C-alpha cells in the first residue's frame, strides 16, 4: 500500500488512488474494486468479537535466537524493530472470545510483523490455542497473513508446519471445527500447512494465496501465468477455497459456520 501525503493511498489490486478517510469508513476496503487492505490484528478482533469478550492468551512468549542470525540487523534487533512498529509482541495474537454469543478460540496474524513470518513462537501459540480449544470443547478460527516461514530460525521455523498440522489433526479427531480465513497475502510455509487445513476455508476478496511467488513460478516454468493467478477469486473458481467473504459480512458468516460445525 503506497501512501501519498497521508491523505491518499494506492490500492494494491486495481492501482487506483484513493482518499484515505473514504477507505477507512469502508472498513479498509477499496471502494473501486473491493480489495481488502491489511488490518492490524487488534482492529480485526474488535470488528469480529463481541465487545469486551476477548482474552489474550500466551502474550508473553518470546523467540530465541539459536542461529545467532544476522543480515543487515541481528535477529533480536529485527524483533525489537517489529514490536516498535506494530505494537504487538509477535506475528500472531491469540486468545478466546465470543462471536455473536458463541465462544471461540481465535488467532490473527500480523503481516506487518516481519512479513507475518512463522517462527517458533507463532507455531507454539497456534498449538496452545488449539489445546485450549480442546480443553474447552470450542472451535478455532485463524486469520492467516504471512510470507511464509521465518528464515532467521532456519529448520526450527520449518518444523512449525508439521507441529501446527499435527495439532489441527487432534482437533479434528475430537470433532471440533477449525475455520481458516485467508487474507492478503497467505503464502509460503503457512499456506503449505495450517492455512489450508480448515474444515472450511474462507478468503477475503482479492487476497493473494499461494506457495511460491508469481515471478518465481514464471521464471521456473518459463511461462506467463493467467490473469488473476493466485488471487482468491482464481482459487475459488478452481475449488481450492470454499467461500469469498466481504469484510462487513465476516462476523455473521463465522457465527453461522460455528453453529453449524460445532457438535452439540
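The values are calculated or read from the model by the stated rules, or taken from the named source; none is laboratory data. These figures come from a predicted structure and were not determined experimentally. Quick reminder, even Gly has a Cβ in these numbers, built from the backbone with ideal geometry, and neighbours come from all protein chains shown.
For this structure, a couple of remarks:
- Criterion: under 23 Å from residue 149 (Cβ atoms), without any contact (Cβ under 8 Å) to a residue 40 or more places away in the chain, under 17 Å from the mean Cα position of the chain (by Cα) and not assigned by TED's automatic domain parsing to the domain that holds residue 27 - qualifying residue of 123, 119, 115: 115
- Only helices (runs of 4 or more DSSP H) whose full extent lies in segment 187-264 are considered here, and the ones with at least 2 residues that are in contact with a strand residue (DSSP E or B) (Cβ under 8 Å, 6 or more places away or on another chain) and surrounded by fewer than 16 Cβ atoms within 10 Å (Cβ to Cβ) are 247-261.
- Options 97, 116: the member that is on the phi < 0 side of the Ramachandran plot and surrounded by 13 or more Cβ atoms within 10 Å (Cβ to Cβ): 97
- Verdict on residue 43 being within 23 Å of residue 141 (Cβ to Cβ) and not in a helix (DSSP H, G or I): no
- Filter pass, residue 12 being at pLDDT below 90 and buried (at least 16 other Cβ atoms within 10 Å of the Cβ): yes
- Within this structure, residue 76 fails the test of being without any contact (Cβ under 8 Å) to a residue 12 or more places away in the chain, closer than 15 Å to residue 115 by Cβ and outside any loop (DSSP other than H, G, I, E, B).
- Of the residues making up segment 15-52, those that are at positive phi and modelled with pLDDT of 90 or more are 15, 27, 28, 52.
- Of all the residues in segment 121-143, those that are closer than 16 Å to residue 192 by Cα and in a helix (DSSP H, G or I) number 3.
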